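The values are calculated or read from the model by the stated rules, or taken from the named source; none is laboratory data. A quick note: this is a predicted structure, and the numbers were derived from the prediction, not measured. Virtual Cβ from ideal backbone geometry, glycine too; neighbours counted across all protein chains shown.
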Amino acid sequence: MTVLEIEETRLRQERLRKLAQLKEEGINPYPYKFERTHRASDLQHLYKGLANDTETEDVVRVCGRVMNERNTWMFVDLYDESGKIQLFCHKQNLHEPDLKRLRLLDKGDFIGATGTIRRTRQGELSVKVTDYEVLCKSLQPLPDSWDGFTDVEARYRHRYVDMIMNPSVRETMRKRAQAVAELRRFMDARGFLEIETPVFQTEAGGADARPFATHHNALSLDLYLRIATELHLKRLIIGGFERVYEIGRIFRNEGISTRHNPEFTMLEAYQAYGDYNELMDMTEEMVLHLVHGVTEGRSSLTYQGTEINFARPWKRIPMAKAIQDVCGIDVDQIGSFEEAKIVAQKLGVPLKGEDSRGAVINAIFEEKVESSLIQPTFIIDYPVEISPLTKVHREKPGYVERFELFVYGRELANGYSELTDPQDQRARLEEQARKKAAGNEEAQPMDLDFILAMEYGMPPTMGIGVGIDRLMMYLTDSASIRDVIAFPTMKPIGKKASEELIDESMDNLEKASSKLKTEEK
């Protein structure tokens, strides 16, 4: 156990002592409510013209978390969600018992204060406290404000502490919430209707991904958490809606990285009577609209030191041409799966179970081309073998009308001219089912109910999926997907390990206390 851990345990014991003393004095340290008149930012705005060393008779009531104190609790920095206000606690305004009780407070406690407004000689707007209440006694010491809270693992694991100590984290979450709300307004203004689809599904389709499995006891039924909302949103198109979307949580049983979290948020949208060309236009409008919102009207932003220009139009490059431009190879001349594997080997592209010519071509693209696509770029016209839900290209045999949007070398969106032929769809899903039976855990299942729905008739349709978390990374200049997710997936500390850590802490605390007493003697 480190010296820091011993100190944290000692501080917690001291806080427990103060809690007990508050209760002995008849103070309820966890009351039910507090009537506030102003937030910190309200006061800073209302009294921005108040001169230094000036007081008012205006009575206000504020509340928040204690984050700092000076001159033995004469000055207290109180923070609420909107910002900071200083409290001035002086014997001229507070009774002696209340002054002494301030010593029972700690950094991290919540209090409510009543008083009048003054601006100090140094220019700090303050509340001259005439009364205060303890609203919550915190038991865990906050990280040292001097050193900050910088351990990345600890920040993600204890996100609530991260938000307390690093206001920029709260600001990122606020920007995310505002951007998602604006995204909904964009879709709603264009006649799209958001309809919720099932999270539990009997067949997890709509993407190439491994699902999470669970079991419903009452029905004795195996279910899967959805890996996409696609197939149910398409059922809505079949059912008569012409523009639908959903912004919802998606679950994929995959690894964790700076770009992947097993639980993430996706926008999926479908519009009848449109194709992937129209969809690319709409995607440009949507993303640029959000960029304008966070940059106050500019079309470019800086991401991790690189300027990204979202001004329309964006490049649209067929996958085959993109590969030829970078690698000098015309993949259209590759005639078979075996030939494709030989080409990949010559290029040094590792293969991970690719089972078709198109899959190998896609692997070449991902390994050699993807990272070079810094500015917004649509890669269009994908091999038919890797796009089982997409309409075949009207002019290019062997390809489908599909695009992926890349920014800063990362996929941001995936869109199609949707496949609407039920017989073609059945044949492609049957091929996927064969791959799944052969051991490909990411191949799509044979969803017979979806095929049945398509046989009732599906109009020409365009559809898109946009990774909200990745989009928010660009809009907030966040290096990792974990930075834009309030509570990213973490491997928990086991209960046994936690109990052992507590026992070890107490043992070490006792040893440290004994050693300290010996030294004092």
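Residues of the range 376-386 that are in contact with a strand residue (DSSP E or B) (Cβ under 6 Å, 6 or more places away or on another chain), surrounded by fewer than 23 Cβ atoms within 10 Å (Cβ to Cβ) and not in a strand (DSSP E or B): V384 alone. Looking only at residues of the range 221-255 that are part of a strand (DSSP E or B) and charged (D, E, K, R), we find that the one that is surrounded by the most Cβ atoms within 10 Å (Cβ to Cβ) is E246.
Residues in the range 341-370 that are polar (S, T, N, Q), over 32 Å from the mean Cα position of the chain (by Cα) and within 22 Å of D381 (Cα to Cα): 1 in all.
For the criterion of being charged (D, E, K, R) and in a loop (DSSP other than H, G, I, E, B), R394 passes.
Checking each residue in the range 74-87 for being free of Cβ contacts under 8 Å to residues at least 60 places away in the same chain and either assigned to a strand (DSSP E or B) or within 23 Å of R39 (Cβ to Cβ) (or both) picks out F75, V76, D77, L78, Y79, D80, S82, G83, K84, I85, Q86, L87.
Number of residues in the range 305-325 that are within 18 Å of S478 (Cα to Cα) and out of contact with any helix residue (DSSP H, G or I) (no Cβ under 9 Å at 6 or more places or on another chain) equals 4.
Applying the criterion of being within 40 Å of the chain's Cα centre (by Cα) and surrounded by fewer than 19 Cβ atoms within 10 Å (Cβ to Cβ) to the residues of the range 115-124, the residue that is farthest from K18 (Cα to Cα) is G123.
Scanning the range 27-58 for residues that are outside any helix (DSSP H, G or I), surrounded by 13 or more Cβ atoms within 10 Å (Cβ to Cβ) and among the aliphatic types (A, V, I, L, M) turns up I27, L50.
Residue-by-condition table, conditions (1) among the polar types (S, T, N, Q); (2) outside the structural domain of A443 (by TED's automatic domain parsing):
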{"position": "D325", "(1), (2)": "no, yes"}
{"position": "F365", "(1), (2)": "no, yes"}
{"position": "E370", "(1), (2)": "no, yes"}
{"position": "V384", "(1), (2)": "no, no"}
{"position": "Y399", "(1), (2)": "no, no"}
{"position": "E404", "(1), (2)": "no, no"}
{"position": "Q425", "(1), (2)": "yes, no"}
{"position": "R428", "(1), (2)": "no, no"}
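Please tell me if I227 is assigned by TED's automatic domain parsing to the domain that holds L405 and in contact (Cβ under 8 Å) with a residue 60 or more places away in the chain. Here the answer is no, as I227 does not meet what is asked. Restricting attention to the range 426-440, the residues that are touching a Pro at 6+ places or on another chain (Cβ under 9 Å) and more than 14 Å from E203 (Cβ to Cβ) total 2. Among the conditions (1) at positive phi; (2) exposed (fewer than 12 other Cβ atoms within 10 Å of the Cβ), H215 misses just one, which is (1). Within the range 264-290, the only residue that satisfies the criterion of being surrounded by fewer than 16 Cβ atoms within 10 Å (Cβ to Cβ) and either hydroxyl-bearing (S, T, Y) or at pLDDT below 95 (or both) is Y273. Taken over the range 348-375, the criterion of being buried (at least 16 other Cβ atoms within 10 Å of the Cβ) and assigned to a helix (DSSP H, G or I) is satisfied by R357, G358, A359, V360, I361, N362, A363, I364, F365, E367, K368, E370. On the given criteria, is R15 part of a strand (DSSP E or B) and either of a type in the set (D, E, K, R) or not assigned by TED's automatic domain parsing to the domain that holds R118 (or both)? No.
Residue-wise test of (1) within 16 Å of L135 (Cβ to Cβ); (2) among the hydroxyl-bearing types (S, T, Y); (3) within 33 Å of the chain's Cα centre (by Cα).
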| position | (1), (2), (3) |
| --- | --- |
| E8 | no, no, yes |
| R12 | no, no, yes |
| L16 | no, no, no |
| Q21 | no, no, no |
| N28 | yes, no, no |
| K33 | yes, no, yes |
| R39 | yes, no, yes |
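Regarding the range 88-100, can at least one residue be identified that is touching a strand residue (DSSP E or B) at 6+ places or on another chain (Cβ under 9 Å), assigned to a strand (DSSP E or B) and modelled with pLDDT of 95 or more? So far as the range 88-100 goes, yes, one or more of its residues are touching a strand residue (DSSP E or B) at 6+ places or on another chain (Cβ under 9 Å), assigned to a strand (DSSP E or B) and modelled with pLDDT of 95 or more.
Residues that are at pLDDT 95 or above number at least 1 in the following helices (runs of 4 or more DSSP H) confined to the range 441-521: 448-455, 468-476. Only a single item in (1) under 30 Å from D447 (Cβ atoms); (2) among the aliphatic types (A, V, I, L, M); (3) in a loop (DSSP other than H, G, I, E, B) is not met by I329, and it is number (1).
Scanning the range 317-342 for residues that are aliphatic (A, V, I, L, M), over 21 Å from S371 (Cα atoms) and surrounded by fewer than 19 Cβ atoms within 10 Å (Cβ to Cβ) yields a single hit, I342. Residues in the range 228-237: is at least one modelled with pLDDT of 95 or more and under 20 Å from the mean Cα position of the chain (by Cα)? Yes, there is a match, as at least one residue in the range 228-237 is modelled with pLDDT of 95 or more and under 20 Å from the mean Cα position of the chain (by Cα).
In the range 91-111, the residues that are within 23 Å of R10 (Cα to Cα) and in contact (Cβ under 8 Å) with a residue 24 or more places away in the chain form Cβ pairs under 8 Å with partners that are assigned to a helix (DSSP H, G or I) and of a type outside the set (D, E, K, R), at six or more places apart or across chains, as follows: R101/L22; L104/Q21; L104/L22; G108/I164. Of all residues in the range 149-198, those satisfying the criterion of being hydrophobic (A, V, I, L, M, F, W, C), surrounded by 14 or more Cβ atoms within 10 Å (Cβ to Cβ) and either part of a helix (DSSP H, G or I) or in contact with a Ser or Thr (Cβ under 9 Å, 6 or more places away or on another chain) (or both) are V161, M163, I164, M165, V169, M173, A179, V180, L183, F186, M187. Is it the case, given these coordinates, that T390 is touching a residue at least 24 places away in the same chain (Cβ under 8 Å) and either surrounded by fewer than 22 Cβ atoms within 10 Å (Cβ to Cβ) or outside the structural domain of T283 (by TED's automatic domain parsing) (or both)? Judged against the criteria, T390 is not a match.
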